[in-house]
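Just below is one structure, and these are the notes that go with it.
Quick note: the coordinates plus some simple rules give every number you see, no bench work behind them. Everything numeric in this text was worked out from a predicted model, so none of it was measured. In this analysis, Cβ positions are derived from the backbone assuming ideal geometry, glycine residues included, and neighbour counts consider all displayed protein chains.
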Amino acid sequence: MIRDSEQQADMAPPKRTRGLLACFNGRLIYACGMIALSQLNFGMDQSAFSNTQAMPFFKRQFGTFDEATGTYVLETVFLSLLNSIQFIGFVFGLVLGNLFSRRFGRRLAMFLMCFWALISGVILITSKTPTQAITGRTITYVYIGMELALVPVLQSELVPAEARGFVVGTYQSGLLFGSLIMSIICRGTSDIKGHASWRIPYGLFFVIPSILAVAVWWIPESPRWLLTRDRQEDALKSLRLLRQGAYTDDEIEHEFREMQNALNNTVKKGSFMDMWRGTNLKRTLITIGVNIFLQLTGQNFASKYGTIFIQSLNSVNPFVMSCINSALNIVAVFLTQFLSDKTGRVPLMIAGAVLQTASLMTMGGLGTVKNPSQSIRSAIVATVTLFGIGFSLGWAPLSHVVAAEIPTTGLRDLTYAVGAVFNIVIQWAVAFSIPYLIDQSHAGLGSKVGFIFGVTSFLATLFSWFCIPECGGKTLEEIDELFAQGVPIRKFPTIKVSLDAEASDGGDDLTKPGKGNVSQTTHTL
């Protein structure tokens, strides 16, 4: 149904320009806060293992004695397995989280992942052999995989369009905040002369899942998921819980009708094959591409091997640098969260990828110097810091935003999960390869590994410009319509969509779905 702008204005309440805080009521703040809290554990895991690998008593427990140096060292194969084989658990958790989330809802799936985290924590804290440590971390990653399947998708479905970039960005800021907390803790425990130096950090993995297992039941279920299950009344009730006080009743009803109509015009309960048909194919490929470049730009090098790599340079205290890097990355992510709904996602992703490329290429160049001086080693450490800032300014938080908002409602969790599988496969390949690339007894690239990831970061810059549509400020239903009408990716920012949410057979009963008539899209060039 095509209508002119005057008719559109009569049918829908005018959109008010809101500040970020004005988009939230108490229940939505609580929901977003609790969901973001779950991500702290991922950051704590990465930081704990990155830091404890450099602790003397961790090396004594899981390493072998090197008679030449008179110290305990971790074998390359153990490091490689510890930081890569856990992705088997990651994939299993991703699939499990997706299946439970689609069938039983987001809340029950979150409760299950918390219960699983408590089991894995017991195995880790009692580890005595390399095999047990590897097993414990692999089981922990089942929890993290479930979280990846749930958190960004649920966040994108709960919040209004004006705040989606900020809220989904907390997936990364939560990770970094957890990493900072654990870095500070590890800095303190690293001086302990005993196995408590590494057991204490692992013991803290119990805290957040215990809190969230109770708190999750006060988070409203996703209204969009409820609609896919034909639970109209429950969906409207959930939406009102998330909007009342911040939005008028007319605005809430209009948003609900948009959700209904968009779902009627797209795949309601999509199958795996539906992702590869029609306009969904483009959306699936974008989601996969974003996940691939998220890992190919070298974040595994900084997050999993950063501390032990800096330690090998004998330049600065690696635990202090871990804390500094975590703090700077948090500042960068928070800046991106506040800017992403104003400037858009794509400009920030391009800027971040450019900084990553420059820092990694500089690292590689400095690594070509034989017998580097103290100043050169310090400069290499600085490039690791700059890389982290660039990653945190763009791809780290915004890849999850893009991957969660691009798929259509009926296929969002499934498409996101498929993209995440590619994420995990690439992440595993990179994590497994890095020890062999930097270790002197193998490829011996050291800092020259920056050349490899510098090239992939440059490719990520090109992908950001040519392949990622700018969806900032648009509702998930408006994004559906832009793809449905075949709008070119580069024109997404210059086109406005007006969905005729009132043209339906539902009348005044909002729990009855309408036909989903859509008004004409208009260029705003």
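See the values below:
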read-out: Percentage relative contact order, the chain, counting C-alpha pairs under 8 Å, at least six apart; value: 23
read-out: For segment 341-431, projected area of the alpha-carbon convex hull averaged over all directions, nm²; value: 7.4
read-out: Summed residue charge, Cβ within 12 Å of VAL151's Cβ, Lys/Arg positive, Asp/Glu negative; value: -2
read-out: Sequence ranges 282-293, 42-53, ranked by mean other-Cβ count within 10 angstrom, highest first; value: 42-53, 282-293
read-out: Dipole-positive endmost among PRO397, MET113, SER375 within the chain (Cβ charges, Cα centre); value: SER375
read-out: Nearest-0.05 FRET efficiency for LEU118 and GLU67, computed from C-beta distance (R0 35 Å); value: 0.30
read-out: Interchain or long-range residues, amide H under 5 Å from LYS496's placed H; value: THR522, THR524
read-out: Gyration tensor (alpha-carbon) shape descriptor, segment 406-463, a/c threshold 1.5; value: oblate
read-out: Gyration tensor (alpha-carbon) shape descriptor, segment 158-222, a/c threshold 1.5; value: oblate
read-out: Prolate/oblate/rounded call for the chain, Cα gyration tensor, a/c under 1.5 rounded; value: prolate
read-out: Helical mean residue ellipticity (222 nm; -39500 (n - 2.57) per DSSP H run of 4+; nearest 500) of the chain; value: -22500 deg cm²/dmol
read-out: Inter-centroid distance (Cα atoms) of segment 27-92 relative to segment 424-444, Å; value: 16
read-out: Exceeding the 22 Å Cα-Cα cut-off - candidates LYS342/LYS474; LYS59/LYS370; LYS342/LYS496; value: LYS59/LYS370
read-out: Difference of contour (0.36 nm per residue) and Cα-Cα distance, THR76 to ASP249; value: 56.2 nm
read-out: Among 453-460, 433-440, 417-424, the order from most to least packed when residues are scored by Cβ within 10 Å on average; value: 417-424, 453-460, 433-440
read-out: Mean separation of Cα contacts under 8 Å, 6 or more apart, over the residue count of segment 161-243: relative contact order %; value: 15
